[in-house]
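In what follows, a structure is listed as structure tokens, so that the remarks can point back to it.
What follows is calculated from the coordinates using simple rules that are stated; it is not laboratory data. The shown structure was predicted, so the numbers you read here are calculated from the model rather than taken from an experiment. Every residue, glycine as well, gets a Cβ built from its backbone with ideal geometry; the counts of neighbours run over all protein chains shown.
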Amino acid sequence: MAKIFLLLLLAPGIVFDHNTNSTANREFKFKNIASPSKDDAAAHAKLTLIDGDLDGGSAELAALTDGRLPRDEDEPGSNVYFRAGSSGGRFRMDFGTPIDIAQVNTYSWHPSSRGPQLYKLYAADGSEPKLNLDPKRGVDPASCGWKFIALVSTLPDGGTMGGQYAASVNDLGKHRYLLFDVYVTELYDNWGNTFYSEIDVISK
Ligand SMILES: [Ca+2]
Ligand SMILES: [Ca+2]
């Protein structure tokens, strides 16, 4: 059954989009969010795992910014996801110097509960006093120099969770670092860690 997914504007500056399992495509084409890019500002950023473990079947963290996309709806090795049964984790993106960030776009694809995205996004420019670059779970990043930017949730209200998802957070300001605090989409079983295919950062 075809479902109509509306463009959701849950907060200023955040846009979500969704292709159902039947409309998902290899190009990650969406109505309201640009397709993933190969040469965005994230392409040369340094990625560091702060907390949690990637799943044994996951790609390396670098797959988030390599411009390559899975060609199939269930392609573990082309996505980054945290260990099955875990509640997710945290990783950091470092641009080397502060950049003016127009958009952070996250893309995911899975036929079931590993499709939707649920994460908190923080940013820092590096000049904050007492900035802790590696806050583990249990430490609020906002308490150690990070600025809370957004809670991104593309969880649907019931129905199938599968498909391709894109989220776009806009107008973040000037930052050197981004911190992604990534959560499972469900706790019914061990398979709720999102298959993240790509993260683009568009600078102004
Ligand atoms: Ca990219
Ligand atoms: Ca990728």
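Data for the structure
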read-out	value
Protection proxy ranking of 155-165, 112-122, 47-57, 192-202 - average other beta-carbon atoms within 10 Å, highest first	192-202, 112-122, 155-165, 47-57
Extension gain (nm, one decimal) between Ala34 and Asp66, 0.36 nm per residue minus Cα-Cα	9.9 nm
Separation of the Lys147 and Asp189 label points, Cα + 7 Å toward Cβ, nm	4.2 nm
Gap separating the Cα centres of the range 139-204 and the range 77-135, nearest whole Å	6 Å
Chain lengthening between Glu128 and Ala84 when straightened (0.36 nm per residue, less Cα-Cα)	12.4 nm
Potential lengthening between Asp74 and Lys136 on full extension [0.36 nm per residue; Cα-Cα distance subtracted]	19.4 nm
